[in-house]
Amino acid sequence: ATRGDDRRLIIIAEDNKVNQKVLLGMLARAGPTKNYYTPLVVEDGRAAVDAALRRHAEALCVLMDQEMPEMSGVEAAAAVRKFERASSPSLVRRALPILLLTAHAHMAKAPGVDAVLTKPVTLGRLAEVLRQVAEEDRRCGQEEG
C-alpha cells in the first residue's frame, strides 16, 4: 500500500495536445522539487475514469478537463464517485481528489469535484492547489496510522 506521503502520481485528463504540453510543463515545476510529480496523461473522459479506478490507491489526484470526448469532466468525476461509494472501505480508503479544469468561470463548484481551476491555469494556482491536496492526503494518512 502506498503511504500518503509517497503519493506523487497525477492523472491528467486532457484531450488537447497543446494543453497537455502546457500542463506537463507546469507540473514539472509545481512540486517542492523539479519533476516531483509523476504525470499520467489520458485523452478522454472514459480513459480518465479507467485510470482513476485502476490507479486509485497510488494517485494523488486527477486534473480533469471539463470538455473532453466520450465523457465530460463532471460526468467522469461522477463515475469515479459512484465507484468509490460502491467499493468497500478497505479497498478505497479515501475519495480521490478531482480538480476540474474549465474555461467557464461560472462552474465554480461542480458535483463530485474538489476544486475548479479556471483556464488559463497559472503555475502559482496549480502549485497551491496541489500543495493543499498533498497536505490533506498526508493528514488522512496519519489518521489511518
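The values are calculated or read from the model by the stated rules, or taken from the named source; none is laboratory data. What you see is a predicted model, and the numbers here were worked out from it, not measured in a lab. Ideal geometry is used to build each Cβ from the backbone, glycine not excepted, and the neighbour counts take in all protein chains shown.
Things to note:
- Complete set of residues in the range 1-29 that are acidic (Asp, Glu) and either modelled with pLDDT of 95 or more or touching a strand residue (DSSP E or B) at 6+ places or on another chain (Cβ under 8 Å) (or both): GLU14, ASP15
- Residue list for the range 102-122, filter: buried (at least 16 other Cβ atoms within 10 Å of the Cβ) and more than 29 Å from GLU143 (Cβ to Cβ): THR102, THR118, VAL121
- Scan of the range 108-130 for residues that are within 18 Å of LEU96 (Cβ to Cβ) and in contact (Cβ under 8 Å) with a residue 60 or more places away in the chain, ordered by number: LEU126, LEU130
- Where helices (runs of 4 or more DSSP H) fall entirely within the range 1-102, those with at least 3 residues that are more than 21 Å from PRO120 (Cβ to Cβ) are at 45-54, 73-86.
- Residue in the range 63-82 that is more than 26 Å from ALA103 (Cα to Cα), surrounded by 14 or more Cβ atoms within 10 Å (Cβ to Cβ) and acidic (Asp, Glu) present: no
- Checking the stated criteria, ARG81 turns out not to satisfy the condition of being under 21 Å from GLU136 (Cα atoms) and modelled with pLDDT under 95.
- Residue within the range 19-39 that is farther than 20 Å from GLY112 by Cβ, surrounded by 18 or more Cβ atoms within 10 Å (Cβ to Cβ) and either in contact with a Lys or Arg (Cβ under 7 Å, 6 or more places away or on another chain) or without any contact (Cβ under 8 Å) to a residue 12 or more places away in the chain (or both) present: yes
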